[in-house]
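See below for the structure under consideration.
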Amino acid sequence: MRLPFMSMFMTSPFDGLQEHAECVKECSWVFQQAMECHVSERCARFEELRAEAIRLEEKADAVKRRIRGHLPLGTLMPVSKFQLFRYLREQDSVLDAVEDVLDWISFRPEPGVPEPLQKDMLLLVDSVLDPIEELSLMVTEARVYFQSFSEKQRNVVKGIIRNLRAQEHKADQVEATVKHLAFNLGFDPVTVYHTVRMAEIIGSIADHAENAGDMMRAMLAR
């Protein structure tokens, strides 16, 4: 018989995962504003928003280090430390991808996205924000599951994981549309390369969110 997870901890590592997930979600809101700023060409706040995203990424890194450094030896857990850390790595990689996108944009002095691509680029940004919202919800519901081991609650978490997969697939489709347009609308080669690479990095945000869902699914497995 499995003992309730929380009874084995003064502080559950899932508390830290939740805090980290909230940092990821907060950073995603800043990312959305930064992308809207970049696409519009008329916004002068991009570097300010990029700096805020970096600050939130550093805050999340501190949470990550605390989780990794404060699991007592010999603690009984329903999941292995390897699984827990793999999950944390994928959740943290969402933040890394956000920072990579904003860094990539900053490398090119010309602001903005070509007008024919603006709508689809913003759709791509929106499509990767949905999985980030699901990540936070997934950790919240997983904390409840590991307190009770309720089969009903387990199915709730599994449903969120299915949503993550569907959202990642949708993001893949929008990413493909952006890249197809970039190659076929007659832009100069630098614009094509910059746009395609930007779409790929944005798409990787949803990839890492889906990977985090897969790791959560492994932790739920019996």
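Rule-based calculations on the coordinates, nothing more; no lab input. All values derive from a computational prediction rather than experimental measurement. No Cβ is skipped: glycine too gets one built from the backbone with ideal geometry, and neighbour counts run over all protein chains shown.
Specify the residue that is surrounded by the fewest Cβ atoms within 10 Å (Cβ to Cβ); the eligible residues are those in region 189-222 that are β-branched (Val, Ile, Thr) and out of contact with any helix residue (DSSP H, G or I) (no Cβ under 7 Å at 6 or more places or on another chain). That would be 190.
To keep it simple, each residue is scored yes or no on (1) in contact (Cβ under 8 Å) with a residue 60 or more places away in the chain; (2) in a helix (DSSP H, G or I).
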{"residue": "135", "(1), (2)": "yes, yes"}
{"residue": "152", "(1), (2)": "no, yes"}
{"residue": "164", "(1), (2)": "no, yes"}
{"residue": "186", "(1), (2)": "no, no"}
{"residue": "213", "(1), (2)": "yes, yes"}
{"residue": "219", "(1), (2)": "yes, yes"}
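The residue pairs whose first member lies in region 11-31 and is farther than 14 Å from residue 132 by Cα, whose second member is among the β-branched types (Val, Ile, Thr) and assigned to a helix (DSSP H, G or I), and whose beta carbons are closer than 7 Å, counting only pairs six or more residues apart or on different chains, are 13/67; 14/139; 16/63; 16/67. The condition of being surrounded by fewer than 20 Cβ atoms within 10 Å (Cβ to Cβ), within 25 Å of residue 33 (Cα to Cα) and of a type in the set (Phe, Trp, Tyr) holds for only one of 107, 149, that being 107. For region 181-188, the criterion of a residue being exposed (fewer than 14 other Cβ atoms within 10 Å of the Cβ) and either over 30 Å from residue 109 (Cα atoms) or among the charged types (D, E, K, R) (or both) is satisfied by at least one position.
Flag set for residue 133, criterion: of a type in the set (Asp, Glu) and either under 19 Å from the mean Cα position of the chain (by Cα) or closer than 28 Å to residue 165 by Cβ (or both).
Residues considered: 113, 139, 128, 101. Of these, the only one that is of a type in the set (Val, Ile, Thr) and not in a helix (DSSP H, G or I) is 113. Taken as a whole, region 194-202 holds at least one residue that is of a type in the set (Val, Ile, Thr), in contact (Cβ under 8 Å) with a residue 60 or more places away in the chain and in contact with a Leu (Cβ under 7 Å, 6 or more places away or on another chain).
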